[in-house]
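Q: Take this structure first; my questions come after.
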Amino acid sequence: MDGDHALAEGALAAGCRFFAGYPITPSTETAERFAERCPEVGGLFIQMEDEIASITANVGAVWGGQKVMTVTSGPGFSLMMETFGLACMMETPMVVADVQRTGPSTGLPTLTAQQDMMQVRWGSHGDYRIIALVPDSPQECFDLTIEAFNLAEIYRVPVFIMTDETVGHMHEKVVIPPAEDIRIVERNWYMGPKEDYRPYDFNGRTAAPMVKAGDGYRFHTTGLTHDERGYPALTPDMNKQVVTHLIEKIESNADKIIRTEEDGIQGADVVVVSYGISSRIAIRAIQQARNAGIKVGMLRLITVWPFCETKIRNLARNVKAIVVPELNYGQVVLEIERCAAGQCRVISVNSCGGAVHDPEEILAAIKEGANQ
Amino acid sequence: MKGAEPAPEYSTDDKAFREQNPMAEFLRMERMPHIWCPGCGIGTVVTCFVEAIKASGYDRDKIAVVSGIGCSGRVAGYVKFDSFHTTHGRAIPFATGLKLANPELKVVVISGDGDLASIGGNHLIHAARRNMDLMVICINNFTYGMTGGQVTPTTPTTANASTTPHGNYETPFSLPFLADASGATFVARWTALHAHNMTQTFGKALKHRGFAFIEVIAPCTTLYQRRNKLGDGLDAMDYYKENADIQHGADTRSVGISFQGDIALGKFVERQKPTFLDAVNDHYMKVLGDSYQLYGKTTAELQKEAEERARLSASKEAEILECGADD
């Protein structure tokens with residue numbers, strides 16, 4: 001199964017039965033798979049008129065009680081940005097996969113990239129936090145989609161799967177476990193008296209329970225700055241409460257959210273920090289470097305946002321250099337430089353996209369870092 | 001003045017006032033006063049909508065209202081149903097997701113001409129094409145009120161707006177024609193003056209299965225009226241009265257509006273066609289047979305529920321009918 005199909009299967013396994021989408025290379029196969037599978041499982045696929053409509057229909061469907069997903073790539077991802085802000089503001093749990101391709105603009109539609117890593121974090125206007133996961137294989141496309149749904153329900157936030165064309169179209173074995181072995185977090189439905197229901201609780205740690213339209217709560221929600229009732233409250237103080245909550249509910253739980261994978265970091269002189277397809281390419285460079293006697297480790301970011309700040313800070317104190325290969329002109333490396341704060345050298349192995357790295361480029365950077 | 005009764009004192013935070021309001025059960029009274037200007041037509045539309053709901057037999061817990069952005073976009077924040085104030089132009093796709101996620105809801109979009117016909121124009125035509133089971137009320141005041149009176153896709157040619165300070169040189173949309181041509185199965189137009197007809201039509205649209213589009217021509221006294229030297233809200237009512245041309249079943253190609261010209265009104269279109277969800281279920285049942293896992297309810301089940309509602313509402317509707325002639 002390829003990565004795109006695994007995204008659809010992960011969504012179905014997580015209990016998602018609604019998918020409003022719009023075709024775009026190289027993500028279309030996910031929508032096709034979902035459309036094909038829906039009639040067998042009591043789900044609904046609707047192809048909307050554009051990406052703005054798809055993402056907005058998904059937000060509407062969440063408030064109608066569904067778990068939802070959509071998938072897109074660069075240009076479509078740009079079109080969805082405004083509604084991501086709405087989803088953050090309304091605290092709407094949802095999953096979006098961006099099968100990244102090369103930009104800017106129409107760019108190289110069929111070729112791979114990791115160029116939307118900062119866009120996913122900052123692309124919608126205003127201050128907010130999202131969660132972004134990066135799979136490096138079709139199996140992880142399946143596994144991380146389920147995890148994305150779980151995180152979305154816990155924190156009432158859009159969760160993004162920032163995959164790429166290579167992983168999307170890569171065919172590998174994908175093991176789908178029996179349903180009873182899959183951990184599913186269901187929506188935190190409100191159970192108290194109707195008159196006491198408040199859609200929001202700006203405590204900065206947890207998200208308030210939800211209800212769905214049609215259950216008699218007659219609630220209101222808005223993209224405007226709002227109070228606990230969801231009513232517009234257009235004051236600087238209220239905005240501060242809301243924004244602080246949107247940020248803190250993610251930041252204060254970052255340790256619980258963040259997942260990384262380490263290999264040979266103890267005693268390493270150089271550590272490669274990477275994610276997604278770039279980290280898979282880096283494995284070969286690391287093997288070659290080790291064969292050449294260089295002490296090199298690997299830190300793979302499975303969760304890119306929120307960022308593993310503490311881990312990078314500690315790493316920077318103990319290594320000569322951090323090497324950061326990514327399929328963009330240098331995006332996540334900026335965050336690594338910020339956290340490293342001059343404690344070690346940070347070497348960016350960037351690429352304009354279109355093709356994965358040649359492992360030799362990464363090897364050269366590792367050698368450069370080790371020779372200091 | 002000896003013996004004169006003091007005028008009753010009402011204030012907006014007066015509990016008694018809130019309880020006395022005949023629409024209190026349907027409005028978020030704690031949010032009053034609303035933001036709309038004196039003479040604005042939006043409040044009339046809200047009143048007519050609430051009256052139509054009261055008479056419809058609909059369980060009010062099963063009604064959801066979705067608005068976009070702008071003066072009319074604020075309706076969702078004042079009505080006491082499940083209500084959603086979304087982003088600019090996106091009320092229809094939001095409503096589409098809401099309806100499809102929970103097909104037992106009656107989802108009503110209430111928004112303005114700028115929101116639905118300009119930035120949201122693409123969603124309007126596609127929801128109509130799909131015959132999505134939504135009721136859309138477009139309050140058309142020919143202007144962007146919230147941002148200060150700019151030209152919209154419905155501003156009549158020659159009318160003045162802040163971004164056409166020497167008069168509008170563009171050709172406006174005729175929204176009933178647009179909706180009809182796009183596939184809407186219920187299309188009507190009234191003005192804010194025609195409160196009774198509007199209420200009647202809202203009632204019919206609530207019962208309609210499929211995409212219902214109702215345009216309500218409403219005055220923006222602060223911007224459109226003033227900038228075009230058309231007087232206040234009452235002058236707008238005079239204009240609507242003098243120039244109303246009720247033509248039920250009119251060919252929608254003929255109902256365009258010119259600056260201060262006649263306004264064709266009435267129910268122009270009402271036809272039956274499978275809704276989006278009916279089409280999904282009917283098609284899959286035909287091609288996949290028993291292996292199809294139905295989404296939502298069958299057409300027959302929904303039809304039965306609609307008939308049940310019609311029976312329940314018959315008596316309530318009679319009260320309204322007594323108040324005036326049917327449209």
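Q: Please get the size of the charge dipole for the stretch A:1-68, origin at its Cα centre, with Cβ charges of +1 on Lys and Arg and -1 on Asp and Glu, quoted in debye to the nearest 20.
A: 360
Q: Projected onto the charge dipole of the protein assembly as shown (+1 at Lys/Arg Cβ, -1 at Asp/Glu Cβ, origin at the Cα centre), which of B:Gly114, A:Cys38, B:Gly57 gives the Cα projection farthest towards the positive end?
A: So the residue furthest toward the plus end is B:Gly114.
Q: I've got another one for you. What are the ³J(HN,Hα) values, in whole Hz, obtained from phi via the Karplus relation 6.51 cos²θ - 1.76 cosθ + 1.60 with θ = phi - 60°, for each residue of the stretch B:79-86 in sequence order, with x given for Gly and Pro?
A: With the stated coefficients, the stretch B:79-86 comes to 8, 8, 10, 4, 9, 10, 9, 9 Hz.
Q: Counting alpha carbon pairs within less than 8 Å and at least 6 residues apart, what relative contact order, in whole percent, applies to chain B?
A: About 17 percent, as a whole number.
Q: Let me ask something else about it. Sort the stretch A:1-257 into rounded, prolate or oblate with this rule: let a ≥ b ≥ c be the square roots of the eigenvalues of the Cα gyration tensor; rounded if a/c is under 1.5, and if a/c is not under 1.5, prolate when a/b is larger than b/c, oblate otherwise.
A: Taking the square roots of the gyration eigenvalues as a ≥ b ≥ c, the stretch A:1-257 is prolate.
Q: Can I ask one more? Output the 0 to 90 degree angle, nearest 10, between the alpha-carbon long axis of helix B:276-288 and the longest principal axis computed from the alpha carbons of chain B.
A: The angle comes out at about 10 degrees.
Q: Please get the size of the charge dipole for chain A, origin at its Cα centre, with Cβ charges of +1 on Lys and Arg and -1 on Asp and Glu, quoted in debye to the nearest 20.
A: Charge dipole, chain A, about its Cα centre: 860 debye, nearest 20.
Q: Here's something else I'd like to know. Mean-square fluctuation check for chain B, GNM, Cα pairs under 10 Å: which of B:Leu265, B:Leu206, B:Leu98 is largest?
A: Ranking B:Leu265, B:Leu206, B:Leu98 by mean-square fluctuation puts B:Leu98 first.
Q: Using alpha-carbon positions, what is the distance between the centroids of the stretch B:126-189 and the stretch B:26-86, in Å?
A: Cα centroid of the stretch B:126-189 versus Cα centroid of the stretch B:26-86: 20 Å apart.
Q: Oh, and also: Among A:Gly330, B:Val287, A:Ile265, whose Cα lies farthest out toward the positive end of the dipole of the protein assembly as shown, if unit charges sit on the beta carbon of Lys, Arg (+1) and Asp, Glu (-1)?
A: A:Ile265
Q: Using the Karplus curve 6.51 cos²θ - 1.76 cosθ + 1.60 with θ = phi - 60°, what ³J(HN,Hα) values do you get for each residue of the stretch A:198-213, in whole Hz, with x for Gly and Pro?
A: Per-residue couplings from phi come out as 10, x, 10, 8, 8, 8, x, 10, 10, 9, 5, x, 10, 10, 10, 4 Hz.
Q: Please report the spacing between the Cα centers of the stretch A:340-372 and the stretch A:67-92 in Å, no decimals.
A: 32
Q: So for the pair A:Trp189, A:Arg313, with labels modelled 7 Å out along Cα→Cβ, what separation do we get in nm?
A: Simple spin-label model gives 4.2 nm for this pair.
Q: In terms of modelled amide H atoms, which long-range or inter-chain residues lie less than 5 Å from the amide H of B:Ile217?
A: B:Asn140, B:Trp190, B:Thr191, B:Ala192
Q: Same structure, new question: What ranking do A:268-277, B:219-228, B:180-189, B:20-29 get when scored by the average of other Cβ atoms within 10 Å per residue, highest first?
A: A:268-277, B:180-189, B:219-228, B:20-29
Q: Right, another one. Taking 0.36 nm per residue of sequence separation and subtracting the Cα-Cα distance, how much length would be gained by fully extending the chain between A:Glu251 and A:Leu108, in nm to one decimal?
A: Extra length available between A:Glu251 and A:Leu108 comes to 48.0 nm.
Q: Using a simple spin-label model with points 7 Å from Cα along the Cα→Cβ vector, what separation in nm is obtained for B:Gln260 and A:Glu261?
A: Simple spin-label model gives 7.4 nm for this pair.
Q: Right, here's the next one. With a cut-off of 8 Å between alpha carbons and a minimum separation of six or more residues, what is the relative contact order of chain A in percent?
A: Taking the mean separation of contacting Cα pairs over the length of chain A, I get 16 percent.
Q: Per residue of A:36-44, count partner chain C-beta atoms within 10 Å of its C-beta, then hand back the mean as an integer.
A: Mean inter-chain Cβ contacts per residue within 10 Å come to 4.
Q: Each residue of the stretch A:337-345 in turn: what ³J(HN,Hα) in whole Hz from Karplus with 6.51, -1.76, 1.60 and θ = phi - 60°, glycine and Pro shown as x?
A: Working through the residues one at a time gives 4, 4, 6, 5, 6, x, 6, 8, 7 Hz.
Q: Taking Cα centroids, how far is the stretch A:1-57 from the stretch A:229-282 in Å?
A: Between the Cα centres of the stretch A:1-57 and the stretch A:229-282 lies a distance of 26 Å.
Q: Among B:Leu206, B:Ala264, B:His34, which residue has its Cα positioned farthest towards the positive end of the charge dipole of the stretch B:15-322, with +1 placed on the Cβ of Lys and Arg, -1 on the Cβ of Asp and Glu, and the dipole taken about the Cα centre?
A: With unit charges placed on the Cβ atoms, the residue in question is B:His34.
Q: What ranking of A:Asp143, A:Asp2, B:Asp59, A:Asp255 emerges when the number of other C-beta atoms within 10 Å of each C-beta is taken as an exposure proxy, fewest first?
A: Least to most surrounded, the residues fall as A:Asp255, B:Asp59, A:Asp2, A:Asp143.
Q: Please work out the FRET efficiency for the pair A:Thr206 and B:Lys286, using the Cβ-Cβ distance as r and a Förster radius of 45 Å; give the result to the nearest 0.05.
A: For A:Thr206 and B:Lys286, the calculated efficiency is 0.45.
Q: Looking only at B:Val108, B:Val280, B:Val75, which one moves most when chain B is put into a Gaussian network model with springs between Cα atoms under 10 Å?
A: With Cα springs under 10 Å in chain B, the top fluctuation among B:Val108, B:Val280, B:Val75 is at B:Val280.
Q: 222 nm [θ] for chain B, helices only, -39500 (n - 2.57) per DSSP H run of 4+, per residue, to 500?
A: Value at 222 nm, helices only: -10500 deg cm²/dmol.
Q: Taking only Cα atoms and a 10 Å spring cutoff, compute GNM fluctuations for chain B and point out the largest among B:Ala128, B:Ala179, B:Ala310.
A: B:Ala310
Q: How far, in degrees from 0 to 90, does helix B:195-207 lean away from the longest principal axis of the Cα atoms of chain B, to the nearest 10?
A: On a 0 to 90 degree scale, this one is about 20.
Q: If you don't mind, another one. How far is helix A:138-155 tilted, in degrees, relative to the longest principal axis of the Cα atoms in chain A, given as a value from 0 to 90 rounded to the nearest 10?
A: Value to nearest ten degrees: 50.
Q: Given contacts defined as C-alpha pairs under 8 Å and at least six residues apart, what's the relative contact order of the stretch A:260-370, whole-number percent?
A: 33
Q: Can you tell me which aspartates and glutamates have their Cα less than 17 Å from the Cα of B:Lys267? Leave out same-chain residues fewer than eight positions away.
A: B:Asp180, B:Glu215, B:Asp245, B:Asp251, B:Asp326, B:Asp327
Computed from the coordinates by the stated procedures, all read-outs in this text should not be read as laboratory data. The model shown is predicted, which means the values in this text are computed figures rather than measured ones. Note that we place each Cβ from the backbone using ideal geometry, even for glycine, and neighbour counts take in every protein chain shown.
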